[in-house]
Amino acid sequence: MKQLELKTTNSEETSQFAARLAAFLKPGDVIALEGDLGAGKTTFTKGLAKGLEIKRTVNSPTFTIIKEYKGKLPLYHMDVYRVADSFEDLGFDEYFDGEGVTVVEWAHLIEEQLPQERLTIFLYREEEDQRRMVLKPMGERYEQLCKEIFS
Ligand SMILES: Nc1ncnc2c1ncn2[C@@H]1O[C@H](COP(=O)(O)OP(=O)(O)OP(=O)(O)O)[C@@H](O)[C@H]1O
Ligand SMILES: [Mg+2]
């Protein structure tokens, strides 16, 4: 499977890349974000929201797990950091199969509930303001998406 990498040197660059990616997204797309605390997952999501022309401020949905925003496409923003404690069925599938784009922070914590086909993005903090992003397309749709973004 092909892996794609890029570096950003400030949060604005991370946000801009996400906004650019947003332009290529379609209903039902799922983006899994991985990375430590402060890696930039929410920063990325805010940029993506901007790209989807969402006007509302996107905040970390830590206490609500899922937040929904209206834009060019709906955005379902999940932060499943605290979900690991709960075995409740939160009905994730309805979002993954929905009309919007789903972004999941800490996605590996719900690994078994994630769709097999998705775009996983790993964010690594390299320096104070530098991040390395590694994109891992899983499935044909996301291979295609990555080709489009980097062409
Ligand atoms: N190149 C960069 N890309 C993204 N964020 C950066 C960058 N450089 C500095 N930052 C800063 O790092 C922090 C990233 O925080 P953010 O909330 O996006 O991380 P997170 O991965 O969502 O963390 P959490 O696991 O707590 O949800 C922000 O304060 C942001 O301004
Ligand atoms: Mg976050």
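Bear in mind these aren't lab numbers, they're just calculated from the coordinates by the rules spelled out. Because the structure is predicted, anything quoted here is derived from the model rather than measured. In this analysis, Cβ positions are derived from the backbone assuming ideal geometry, glycine residues included, and neighbour counts consider all displayed protein chains.
Structure values in brief
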quantity	calculated
Condition broken by residue 37, with the remaining ones in (1) under 15 Å from residue 130 (Cα atoms); (2) more than 10 Å from ligand 1 (Cβ to nearest atom) satisfied	(2)
Qualifying residue in the range 60-67 (condition: within 25 Å of residue 130 (Cα to Cα) and touching a residue at least 24 places away in the same chain (Cβ under 8 Å))	yes
Subset of the range 103-125 (residues that are away from ligand 1 (no atom under 16 Å from the Cβ), touching a helix residue (DSSP H, G or I) at 6+ places or on another chain (Cβ under 6 Å) and in a strand (DSSP E or B))	119
Given (1) surrounded by 22 or more Cβ atoms within 10 Å (Cβ to Cβ); (2) closer than 17 Å to residue 110 by Cα, index of the condition residue 14 fails	(2)
Residue satisfying condition, being of a type in the set (Lys, Arg) and away from ligand 2 (no atom under 16 Å from the Cβ), within set 46, 26	26
Filter pass, residue 31 being touching a residue at least 40 places away in the same chain (Cβ under 8 Å) and in contact with a strand residue (DSSP E or B) (Cβ under 7 Å, 6 or more places away or on another chain)	yes
The range 60-74, subset at negative phi and within 15 Å of ligand 1 (Cβ to nearest atom), residue surrounded by the fewest Cβ atoms within 10 Å (Cβ to Cβ)	63
Contacts under 8 angstrom Cβ, first residue in the range 112-132 being in contact (Cβ under 8 Å) with a residue 12 or more places away in the chain and more than 14 Å from residue 102 (Cβ to Cβ), partner of a type in the set (Asp, Glu) and surrounded by 15 or more Cβ atoms within 10 Å (Cβ to Cβ), 6 or more apart	122/34; 123/34
Tally, over the range 47-71, of residues that are closer than 24 Å to residue 138 by Cβ and not in a strand (DSSP E or B)	7
The lone exception for residue 37 - which of (1) farther than 23 Å from residue 111 by Cα; (2) not in a helix (DSSP H, G or I) it fails	(1)
